[in-house]
Each structure stands twice: as structure tokens, then as C-alpha cells.
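The values are calculated or read from the model by the stated rules, or taken from the named source; none is laboratory data. For clarity, every value in this text was computed on a predicted model and none was experimentally measured. Neighbour counts run over all protein chains shown; Cβ positions are idealised from the backbone, glycine included. We work out accessible area using only protein heavy atoms, side chains counted, and drop any ligands, DNA or RNA first. Shrake-Rupley method; radii C 1.70, N 1.55, O 1.52, S 1.80 Å.
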Amino acid sequence: MSGFLAGLLVAILPLLAAGFWLGRRTARPRSLGGLGTPVEHATFQTLHTASLAAPPLRAGLTEETARRSARRLRSLLGTDALCLADEKDVLAWDGVGAHHRAEVAERLAGPLETGRGEAFPLSCGSPDCPVRWAVVAPLTVDDRVRGALVACAPRESAVLVRAAAEVARWVSVQLELADLDDSRTRLIEAEIKALRAQISPHFIFNSLAVIASFVRTDPERARELLLEFADFTRYSFRRHGDFTTLADELHAIDQYLALVRARFGDRLAVTLQIAPEVLPVTLPFLCLQPLVENAVKHGLEGKAAKCHIRITAQDAGAEALVVIEDDGAGMDPELLRRILAGGVSPSGGIGLSNVDDRLRQVYGDDHGLVIETAPGAGMKVTARLPKYQPGVHPGARLTPQ
């Protein structure tokens, strides 16, 4: 959180400085519609313009994002022309004097290599061209130059040099946040892959062994189980989207339990109570199945008696309340806290920390798993799933909060 606040301050302070500069340039006695002094009005306009320029930059520095943000950035600086470049070429030019594009591209090599800003005159044979001077401000992310912001003006200006450097620093912060978002997204995808790898070896081996045991004694049962196994593995290793519906996740759980029942027979009893109105709710892919697998593991572990697992999904207003409960061995609460914190290998709780992390990343910390357990007292896991969350729908890609 402290890193986020520091980044926020670094992002905002240059904009306030730019707003003050614009206010000094534009200050004049006139009605401002209740927004206060000319400086306050200019600062508000600067922050508003920056808020419009930020979203494209949060997707990284590409030709498309540069084109969408260049006009807003030029408005921030109040220059006649502005361009954004990556390490190879000019990505977008906004304003007049686009015929200087090639000349500017040639002069970028030095600033991109050294990471230091530079100002230079532009050579132009057109007497009507309003831009005669260019200021280059490198864009640096994690101590590496990723591109440059170039502001073009009619004349050399020390104020423009400083303002361009401040805006370039703000752009660099947005690109750093884009890298952070990308890293977190890759981490989420890696967690899903790890979860698949964790589920697959033991489950696949045991399922195939059970199916093989029925091939001679009950061929029809073996065929049914093989179809259940094929459907479940197809769902678990699908490639499209990071979200699914509660109905699809419960269907996969039903297939998983059919294979488990075939192995353990009467030792496993499962009760499902599902409210039909919550079936369309969207949730992260492979979010509930690991919880059921954990319940099976702990419910049957170290006991010869029958294990009972209860799965409920209820309508709770703006949320769907999903509870998975077993009457098995349970767990020491302190050990559980260490597992969820990542301090202990989750050998005692398959996928619990993985699911908890993904729920928090998608919905926020208020929607992590709520787990009630004690040694010998079973385990009750509750997940609260919002019925609506921006960007969360079947087929969507996971993006961190």
C-alpha cells in the first residue's frame, strides 16, 4: 500500500505543477463558473485532462495507446505539436508540423541511449510552419528508457523543458503501473496453470485406475465414467477466458464427484442445495472445484466412517453465497492462516490459498474465503460472489483489482 501511495504522489505532483504553470499562463479576470481562481481552474482542467490521458497509457506504450493519449498530453503542455516514441520509432504525432516526424525520429537516438532530456532547433523550409524547436523528455520505467515524449513549439523555452520533463515523468508512472498490471495478470494465469497441474496428476491417475477396474466387471459403468472424465478434463484445461458461470462450475463439480464416488463408494455422501437464481452468476474459472476437492481429501482422510460433504449456493441480494462444508479431520486454525499467507506448502489444503488469492484479486480483499475449522471438527468454507462486477463475465480475461 505504501508503494501505491508513493506512486500516486509521484503521479499527481507533476500534474499540479503543470496545472500551476498553465494557470499562470492563462490567468485573467473572468468568470470561472464557480471554480475559484484562474490557477485553481487551470489545475482542475489539468487533472481532468490527465484523467482522460491515463487509461490508454495503462495498457502500455503502443501505436494505438500513443495515438489515443497524444492529444490529451499536448493539451496538458499547451504546445503546437507533441509526439510519443518507443525505443524504435515515433508512434504518434498530434498537432501541426508532422513533416518533422522523420527529423525528430533521427534525433531520438541520443536521449534514448543516455536517458537525458534534450532540446534542439528544427530545420524547416516552410515559412508557415509554426514549430521551430523540439524538447525531448525520455520515458523511463524501472531505470530503463522505454521511449520519449517530444514537445514542439515556436521557440526555445526553459519553462517548456521543465513542463515536458514533468509530464514525461507522469507518463512513465502510468507505464510502470501498466507493467505492474501485466505482471499481476501473468501471475494470476500462472496460478491457474499451477492449480491445474496440482489437480491433474493424482486425480487423473486415480480416475483412470477406477475406470479400468470397471472395464471387465461393468463395461457400461466404465463407459459412463470415461465420458464424465473426458468432460471434466476438457473443462479443467480449457483455454477460452478466465471466468465461468456458477452453473458450469457446479456441473464440473458433479462430474468430479461422480468419479470420486466410483472410487470410494458409500464412504462419501454429498448433499447439494442450489438456488436456481444464482446459477448464471459469473466467477473465476476453477474457483469452487478445488474447494470441493479439499473437502473430499479432508473428509476421507484418516477415517473409515462415511464422510458427508454439503454444498449450498444461496441468493444473498447482490451476492451469491456459496458454502462447502465437510465433517472430516479439520485443521489447526494457525496452520490454516500460514497456508493462506503462503508461508506453508498447501499440502494440507489443496488450492485454498490459490482460490483465496484469486477471489481477492478479482473482487477485492472483502471477498476472500471465510474458513471455519478446528482439529476434528471438519471445515466450512464460504465464498461470497458478487452478482455483478465490472469486467467479470464468461469469456473475459482476468485483470487484477
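Does the range 323-336 contain any residue that is open to solvent by 60 Å² or more (accessible area, probe 1.4 Å), within 19 Å of Asp366 (Cα to Cα), charged (D, E, K, R) and in a strand (DSSP E or B)? Checking the range 323-336: not a single residue is open to solvent by 60 Å² or more (accessible area, probe 1.4 Å), within 19 Å of Asp366 (Cα to Cα), charged (D, E, K, R) and in a strand (DSSP E or B).
The C-beta contact set for the range 103-125 (first residue at negative phi, second residue of a type in the set (Val, Ile, Thr) and in a helix (DSSP H, G or I), distance under 9 angstrom, 6+ apart or interchain) comprises Gly117/Val161; Ala119/Val161; Leu122/Val104. Looking at Pro121, Pro55, just one residue is closer than 22 Å to Pro154 by Cα and either within 33 Å of the chain's Cα centre (by Cα) or at pLDDT 90 or above (or both), and that residue is Pro121. In summary, strands (runs of 3 or more DSSP E) completely within the range 85-169 and bearing 3 or more residues that are in contact with an Asp or Glu (Cβ under 9 Å, 6 or more places away or on another chain) occur at 90-95, 133-141, 144-153.
Mind checking which residues of the range 238-257 are more than 13 Å from Ile311 (Cβ to Cβ), at pLDDT 85 or above and open to solvent by 20 Å² or more (accessible area, probe 1.4 Å)? Once the filter is applied, which keeps residues that are more than 13 Å from Ile311 (Cβ to Cβ), at pLDDT 85 or above and open to solvent by 20 Å² or more (accessible area, probe 1.4 Å), the range 238-257 yields Thr245, Ala247, Asp248. Across the range 121-168, which residue is farthest from Thr65 (Cα to Cα) among those that are open to solvent by less than 30 Å² (accessible area, probe 1.4 Å) and touching a Lys or Arg at 6+ places or on another chain (Cβ under 6 Å)? Within the range 121-168, the match that is farthest from Thr65 (Cα to Cα) is Leu122.
Applying a threshold of 9 Å to beta carbon distances and a minimum spacing of six or more residues, or different chains, the list of pairs starting in the range 71-85 at a residue that is open to solvent by 60 Å² or more (accessible area, probe 1.4 Å) and ending at one that is acidic (Asp, Glu) and assigned to a loop (DSSP other than H, G, I, E, B) reads Arg74/Asp80.
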